[in-house]
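Notes follow once the structure below has been shown.
The values are calculated or read from the model by the stated rules, or taken from the named source; none is laboratory data. Only a predicted model underlies this, so the values are computations on that prediction, with no experimental measurement involved. When we count neighbours, we look across all protein chains shown, and the Cβ atoms used for this are built from the backbone with ideal geometry, even at glycine. Only protein heavy atoms, including side chains, enter the accessible area calculation; ligands, DNA and RNA are left aside. Shrake-Rupley method; radii C 1.70, N 1.55, O 1.52, S 1.80 Å.
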Amino acid sequence: MATLDPVTRRLRRLFAVLDTDDDGYVTWSDHRRVVEAYASAYGLATDEPRIQALERAYWAQWLGLLTHSVPGVERLDQDGFVAAHRAVGYDTDRPEILENLAAAIFRIMDTKGDKRVSGEEFAAYLTVWGVSGDEGSVAFERLDLDRDAYLSHREIARSLRAFHLHNDNLNNPGGIFLGVY
């Protein structure tokens, strides 16, 4: 059996996270359940602008995936999901998809509205994914590239791009924004 590259392995882990009903497929309904998990964790209504922005970001990503899948099929198995993610062109053709997702996640995390995410805000965010404090502390340190004790929108966007594009290690910290840790 061939060894899979780190991006493919991370995308397979992302598939497992997004397959919220464990039916072996990812659909738009699975993405919606992720958005609902954010709304629930933060006590926000689904019509709240930050949740709507997150839903739009996930919708744009979903449409991008569908354009690189079998026409007329609105669900992706694991192999189709990985292939579609790799084909979307997050680095060249559609960089705004990850940028918009990063912006939406950042807006939800920045509960103080001060244009930065503190360690405390990050710890609160981790409840969306059920990540422990120890794992979260390590991830926060790895994500805080400028070592100012805060996460910026830029740092989150950069980590999401790295998760999807860089063949570095399997445990890229950007996955924490997608439930992969």
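Key figures
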| read-out | value |
| --- | --- |
| Among (1) part of a helix (DSSP H, G or I); (2) open to solvent by 40 Å² or more (accessible area, probe 1.4 Å); (3) among the acidic types (D, E) - the single one D23 does not satisfy | (1) |
| Unique match (being in contact (Cβ under 8 Å) with a residue 24 or more places away in the chain and either surrounded by fewer than 19 Cβ atoms within 10 Å (Cβ to Cβ) or touching a strand residue (DSSP E or B) at 6+ places or on another chain (Cβ under 6 Å) (or both)) among Q78, Q52 | Q78 |
| Subset of the range 144-177 [surrounded by fewer than 20 Cβ atoms within 10 Å (Cβ to Cβ) and aliphatic (A, V, I, L, M)] | L145, A149, A162, L165, L170 |
| Filter result for I108 (open to solvent by less than 80 Å² (accessible area, probe 1.4 Å) and without any contact (Cβ under 8 Å) to a residue 60 or more places away in the chain) | no |
| Any hit, the range 107-117, residues being closer than 23 Å to T27 by Cβ and under 15 Å from the mean Cα position of the chain (by Cα) | yes |
| Tabulated pairs, the range 126-151, first within 27 Å of R33 (Cβ to Cβ), second of a type in the set (D, E, K, R) and part of a helix (DSSP H, G or I), C-beta under 9 angstrom, 6+ apart or interchain | L126/E135; L143/E155; L143/R158; L151/E121 |
| Criterion: touching a Gly at 6+ places or on another chain (Cβ under 6 Å) and not aromatic (F, W, Y) - qualifying residue of S69, S29 | S69 |
| Selected residue (only one of A84, A57 is touching a strand residue (DSSP E or B) at 6+ places or on another chain (Cβ under 9 Å), in contact (Cβ under 8 Å) with a residue 12 or more places away in the chain, in a helix (DSSP H, G or I) and surrounded by 17 or more Cβ atoms within 10 Å (Cβ to Cβ)) | A84 |
| Residue check, H164 in contact with a His (Cβ under 7 Å, 6 or more places away or on another chain) and not basic (K, R) | yes |
| Exclusive hit being part of a helix (DSSP H, G or I), out of contact with any Lys or Arg (no Cβ under 7 Å at 6 or more places or on another chain) and either β-branched (V, I, T) or surrounded by fewer than 20 Cβ atoms within 10 Å (Cβ to Cβ) (or both), set A124, A139 | A124 |
